[in-house]
Amino acid sequence: MSYAIVGFGKIGQALAQAFARKNIDVTVAGRRLPEALASQARAIGPRVVATSLQDALAADTIILAVPFEEHHAVASALPNWGGKTIIDTMNTLVSPEELDGLPSSAFVAKAFTGAKVVKAFNHLIAAKLASDPVVEGGHRVVFLSSDDEDATAPVAALAKQLGFAPVKLGKLNEGGALVQARGGVWGQLIFQDVFKKEP
């Protein structure tokens, strides 16, 4: 399984640190050229490699960490996203009307034709995502939701591999609504820093 982070702002860099901490290979791409990102990527860890957007999109699993309004530009970079998993880390406070009445991740899924979309890693601020998720025997929780059950399991496995405790919320418009903003109001679980003890 190959991984890429598209968007190398605070959230993208925080997730790159999570990969580096566990020595997992990940490519990173952003608006700037790979050469401009290379020193930042190297500073995070030797297995974090800056690349072009096109090369990053060759990965099996793509973590989307761009500002919400830029997701269409990323989606247009490939004609078909079949076989890919998109992890949507984005948050937006735009009105439900602008999202066709859909949860933001369901709206995003329409742009990524053929992809499996999982909402994850979006409810924590960058500083929390970047820090060690293991604290006093507990693991920091990451909430997952998707309309594709098959996609949730591998993303949960990745979250666990990164040291987090994955908690599945179900479909995007059901439990997933707790981690998505609607009508200018944050979902109830956004910004909640929750830990799960090992049984």
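The values are calculated or read from the model by the stated rules, or taken from the named source; none is laboratory data. Treat the numbers as computed from the prediction; the structure is a model and nothing was measured. Counting neighbours? That spans all protein chains shown, and the Cβs are built from the backbone with ideal geometry, glycine included.
Filtering the stretch 56-91 to residues that are closer than 19 Å to residue 143 by Cβ and in a helix (DSSP H, G or I) leaves only 68.
Considering the stretch 92-143, and only residues there that are hydroxyl-bearing (Ser, Thr, Tyr) and over 12 Å from the mean Cα position of the chain (by Cα), the residue that is nearest to residue 158 (Cα to Cα) turns out to be 131. Filtering the stretch 128-175 to residues that are under 18 Å from residue 105 (Cβ atoms) and either among the charged types (D, E, K, R) or in a loop (DSSP other than H, G, I, E, B) (or both) leaves 147, 148, 149, 150, 168, 169, 170, 171, 172, 173, 174.
Here 52, 2 are screened, and the one residue that is within 23 Å of residue 164 (Cβ to Cβ), of a type in the set (Ser, Thr, Tyr) and modelled with pLDDT of 95 or more is 2.
Among the conditions (1) part of a strand (DSSP E or B); (2) out of contact with any Ser or Thr (no Cβ under 8 Å at 6 or more places or on another chain), residue 117 misses just one, which is (2). Taking the stretch 45-65, which residues are under 13 Å from residue 31 (Cα atoms), in contact with a helix residue (DSSP H, G or I) (Cβ under 8 Å, 6 or more places away or on another chain) and either of a type in the set (Asp, Glu) or surrounded by fewer than 22 Cβ atoms within 10 Å (Cβ to Cβ) (or both)? Matches in the stretch 45-65: 51, 52, 53. Hey, does the stretch 91-100 have a residue that's in contact with a Phe, Trp or Tyr (Cβ under 8 Å, 6 or more places away or on another chain) and over 24 Å from residue 180 (Cβ atoms)? Checking the stretch 91-100: not a single residue is in contact with a Phe, Trp or Tyr (Cβ under 8 Å, 6 or more places away or on another chain) and over 24 Å from residue 180 (Cβ atoms). In the set 177, 151, which member is in contact (Cβ under 8 Å) with a residue 60 or more places away in the chain, small (Gly, Ala, Ser) and more than 20 Å from residue 59 (Cβ to Cβ)? It is 177.
When we screen 42, 31 for residues that are part of a loop (DSSP other than H, G, I, E, B), farther than 25 Å from residue 143 by Cβ and among the basic types (Lys, Arg), the only hit is 31. The lone criterion from (1) surrounded by fewer than 19 Cβ atoms within 10 Å (Cβ to Cβ); (2) outside any helix (DSSP H, G or I) left unmet by residue 178 is number (2). Restricting 151, 127 to those that are among the hydrophobic types (A, V, I, L, M, F, W, C) and surrounded by 14 or more Cβ atoms within 10 Å (Cβ to Cβ) reduces the list to 151.
Restricting to the stretch 1-28, and then to whatever is in a helix (DSSP H, G or I) and not small (Gly, Ala, Ser), can you tell me which residue is surrounded by the fewest Cβ atoms within 10 Å (Cβ to Cβ)? Before you say what the answer is, go through the steps one by one.
Within the stretch 1-28, the subset in a helix (DSSP H, G or I) is 10-21.
Those left that are additionally not small (Gly, Ala, Ser): 10-11, 13, 15, 17, 19, 21.
Values: 10: 14, 11: 25, 13: 23, 15: 26, 17: 18, 19: 22, 21: 17.
Out of the qualifying residues, it is 10.
Yes or no, residue by residue, for (1) within 18 Å of residue 112 (Cβ to Cβ); (2) free of Cβ contacts under 8 Å to residues at least 60 places away in the same chain; (3) of a type in the set (Asp, Glu):
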{"position": "33", "(1), (2), (3)": "no, yes, no"}
{"position": "39", "(1), (2), (3)": "no, yes, no"}
{"position": "43", "(1), (2), (3)": "no, yes, no"}
{"position": "67", "(1), (2), (3)": "yes, no, no"}
{"position": "97", "(1), (2), (3)": "no, yes, yes"}
